[in-house]
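The values are calculated or read from the model by the stated rules, or taken from the named source; none is laboratory data. Given the structure is predicted, the values throughout are model-derived calculations rather than measurements. Virtual Cβ from ideal backbone geometry, glycine too; neighbours counted across all protein chains shown.
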Amino acid sequence: MLKMFLFCLIIINTSSTYAENLGIETGLKIPRFVSLKSNNSNLRVGPSLNYPVKLKYIVANMPVEIIDEYKDWRKINDYEENEGWIHKSLIKSKRFAIVNTPYQEGLQVFNKPKGNNIGKIEKKNVLEIKKCLMNWCKIKYGKNTGWVNKLNLWGVYEKEIINIPFYQPIINLIWKINVNFLI
């Protein structure tokens, strides 16, 4: 009887801990990164049109972090630590990030993780995230693509893996032996 009680207690405790990390309205993970659909989005003090506008975002694709949900509203943080509420119709799940390097010279872009430097992107530029390995993200900026160190991006979690195909270990092996004609 005691074993059954302990088993039920563990199951209840585990499921309630897991449920705390999911949004009440969507059932999706909280916190999570999304991006703004529009270049005209209002951040409000509370979850309703009746609340005053705290600030206006004028850049589409800006990454924001959802930290709470209430009906059709999402409480968000941005990379400058502004916090407020935004309507769910103004966000999308497509991933973007902001260059947030501590260095003045910009973010180095490589042809592959730990590969050759192919360019730089300045601070506060918004980049599309194509995929992320453990420490690197493949990004798109305009018509250009490349790999950047994940530590220099705001909009991706440190250990987050994004859009990695099942054959990625083969690609990693090719990168390691540097067979450039197969890439």
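Worth a mention:
- In the set Asn144, Asn149, only one residue is surrounded by fewer than 16 Cβ atoms within 10 Å (Cβ to Cβ) and not acidic (Asp, Glu); that residue is Asn144.
Residue-by-condition table, conditions (1) exposed (fewer than 14 other Cβ atoms within 10 Å of the Cβ); (2) modelled with pLDDT of 95 or more; (3) more than 14 Å from the chain's Cα centre (by Cα):
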site: Asn21; (1), (2), (3): yes, no, yes
site: Ile30; (1), (2), (3): no, yes, no
site: Phe33; (1), (2), (3): no, yes, no
site: Leu36; (1), (2), (3): no, yes, no
site: Lys54; (1), (2), (3): no, yes, yes
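- Index of the failed condition, Ser48 passing every other in (1) touching a residue at least 24 places away in the same chain (Cβ under 8 Å); (2) in a strand (DSSP E or B); (3) loosely packed, with under 15 Cβ neighbours inside 10 Å; (4) not assigned by TED's automatic domain parsing to the domain that holds Leu151: (2)
- Checking Pro165, Pro102 one by one, the residue that is in contact with a strand residue (DSSP E or B) (Cβ under 9 Å, 6 or more places away or on another chain) and in a loop (DSSP other than H, G, I, E, B) is Pro165 and no other.
- Some residue of region 2-9 being at pLDDT below 95, assigned to a loop (DSSP other than H, G, I, E, B), not aliphatic (A, V, I, L, M) and not assigned by TED's automatic domain parsing to the domain that holds Trp154: no
- Note on region 83-111: among residues that are within 22 Å of Ile66 (Cα to Cα) and aromatic (Phe, Trp, Tyr), the one that is surrounded by the most Cβ atoms within 10 Å (Cβ to Cβ) is Phe96.
- Residue in region 141-150 that is farther than 13 Å from Ser35 by Cβ, outside any strand (DSSP E or B) and hydroxyl-bearing (Ser, Thr, Tyr) present: no
- For first residues located in region 19-43 and closer than 14 Å to Lys94 by Cβ, partners that are of a type in the set (Lys, Arg) and surrounded by 14 or more Cβ atoms within 10 Å (Cβ to Cβ) and lie 6+ apart or on another chain with Cβ distances below 7 Å form the pairs Phe33/Arg95; Val34/Lys92; Ser35/Lys92; Ser35/Arg95; Lys37/Lys92.
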